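Here's the structure we're looking at; comments come further down.
The values are calculated or read from the model by the stated rules, or taken from the named source; none is laboratory data. Predicted model only: the values in this text are computed from it and were never measured. When we count neighbours, we look across all protein chains shown, and the Cβ atoms used for this are built from the backbone with ideal geometry, even at glycine. For accessibility, only protein heavy atoms count, side chains too; no ligands or nucleic acids. Shrake-Rupley method; radii C 1.70, N 1.55, O 1.52, S 1.80 Å.
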Amino acid sequence: MEESKKEVQAIAKMQRISPIKARLVIDMIRGKKVADALAILTNTNRKASTIIKKTLDSAIANAVNNNGLDVNDLYVSEARVDAGPVMKRMMFDSRGHVGRKDKRTSHIVIKVAVK
């Protein structure tokens, strides 16, 4: 009989970063142990790494405080970045035209589980 895998998640919605830029960082931590993922995020010089690190810390806190899991046994079972709503802004362009500047947002989902 299979042992059920306990998964705990944290979601950060409406983060003001492009999903393409955030996916570059989140691809580095998928499937890693929690300690390794935190070390990678701490030493990565990207804006997305601080946002993702806060979300991972929240998922770890949910697992430890709400579910009584051990930090040393946790790994990142799922990490994804979904596109959020796009804020469309107008910006003056050349020759008197008005161009559009899209401000993209992201929803970051991180799930941790016990191996």
Can you tell me which residue within segment 37-49, out of those that are part of a helix (DSSP H, G or I) and open to solvent by 80 Å² or more (accessible area, probe 1.4 Å), is nearest to Ala12 (Cα to Cα)?
-> Lys47
Could you list, in sequence order, the residues of segment 90-99 that are on the phi < 0 side of the Ramachandran plot and exposed (fewer than 10 other Cβ atoms within 10 Å of the Cβ)?
-> Met90, Met91, Phe92, Ser94, His97, Val98
What are the residues in segment 13-36 that are surrounded by 19 or more Cβ atoms within 10 Å (Cβ to Cβ), under 11 Å from the mean Cα position of the chain (by Cα) and of a type in the set (A, V, I, L, M, F, W, C), if any?
-> Ile17, Ala22, Val25, Ile26, Ile29
Failed condition for Val86, given (1) in contact (Cβ under 8 Å) with a residue 60 or more places away in the chain; (2) within 20 Å of the chain's Cα centre (by Cα); (3) over 17 Å from Leu38 (Cβ atoms), with all others met?
-> (1)
Out of all the residues in segment 59-71, which are part of a helix (DSSP H, G or I), open to solvent by 50 Å² or more (accessible area, probe 1.4 Å) and in contact (Cβ under 8 Å) with a residue 40 or more places away in the chain?
-> Asn66, Asn67
Within segment 12-34, the residues that are assigned to a strand (DSSP E or B) and either on the phi > 0 side of the Ramachandran plot or modelled with pLDDT under 95 (or both) are Met14
Hey, can you tell me all the residues within segment 100-115 that are in contact with a Lys or Arg (Cβ under 7 Å, 6 or more places away or on another chain), part of a strand (DSSP E or B) and in contact (Cβ under 8 Å) with a residue 60 or more places away in the chain?
-> Lys103, His107, Val109, Ala113, Val114
Just to be sure, is Lys115 more than 20 Å from the chain's Cα centre (by Cα), over 16 Å from Val25 (Cβ atoms) and charged (D, E, K, R)?
-> yes
Within segment 72-83, is even one residue over 14 Å from His107 (Cα atoms), surrounded by fewer than 15 Cβ atoms within 10 Å (Cβ to Cβ) and either among the aromatic types (Phe, Trp, Tyr) or over 11 Å from the mean Cα position of the chain (by Cα) (or both)?
-> yes
Qualifying residues in segment 2-11 (those that are open to solvent by 30 Å² or more (accessible area, probe 1.4 Å) and assigned to a strand (DSSP E or B)) - the one farthest from Ile110 (Cα to Cα) = Glu7
Members of segment 74-99 that are part of a helix (DSSP H, G or I) and modelled with pLDDT of 95 or more | none
Could we say that Lys115 is modelled with pLDDT under 95 and surrounded by fewer than 16 Cβ atoms within 10 Å (Cβ to Cβ) here?
-> yes
